[in-house]
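The structure appears below as structure tokens.
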Amino acid sequence: MTSSYEIRITGILPPEALLDFENLIASVEPVETVVHGQLPDQAALHGLLARLELLGVQVLEVRRLHDQAQARLAQSARLERPSAGPADEQARTDDE
């Protein structure tokens, strides 16, 4: 069973940090990076945290998101992605 997580990190995350974690999205905020998305199990979460530690990244917070928070997160992720054109906008409307 997959679970959604939000991980807050000090500073900007190196690009290689999320390799192999295709369901995660990183967004940069003024003093931290927020990584959110689904991981298949706790082993994947521990793997991601181990990679961040190897890269010297300081993890501030790890939160498991509940169903309602997951829905809001998915909605905001769709809204943050740049549109490729009218067809892309129509596909987004059809999904909702």
Out of the residues in the range 41-59 that are aliphatic (A, V, I, L, M) and part of a helix (DSSP H, G or I), state the one that is farthest from Glu22 (Cα to Cα). Leu54
Kindly provide the set of residues from the range 24-40 that are assigned to a loop (DSSP other than H, G, I, E, B) and modelled with pLDDT of 90 or more, ordered by number. Pro40
Output yes when any residue across the range 57-77 is loosely packed, with under 11 Cβ neighbours inside 10 Å and either modelled with pLDDT of 90 or more or in contact with a Ser or Thr (Cβ under 7 Å, 6 or more places away or on another chain) (or both), and no when none is. yes
Name the residues in the range 21-40 that are exposed (fewer than 12 other Cβ atoms within 10 Å of the Cβ) and touching a residue at least 24 places away in the same chain (Cβ under 8 Å), would you? Pro40
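Take Ala43 and tell me if it is exposed (fewer than 11 other Cβ atoms within 10 Å of the Cβ) and modelled with pLDDT of 90 or more.
For Ala43, the condition - exposed (fewer than 11 other Cβ atoms within 10 Å of the Cβ) and modelled with pLDDT of 90 or more - is met.
The values are calculated or read from the model by the stated rules, or taken from the named source; none is laboratory data. Fair warning: this is a prediction, and the values are worked out from it, not measured in the lab. Quick reminder, even Gly has a Cβ in these numbers, built from the backbone with ideal geometry, and neighbours come from all protein chains shown.
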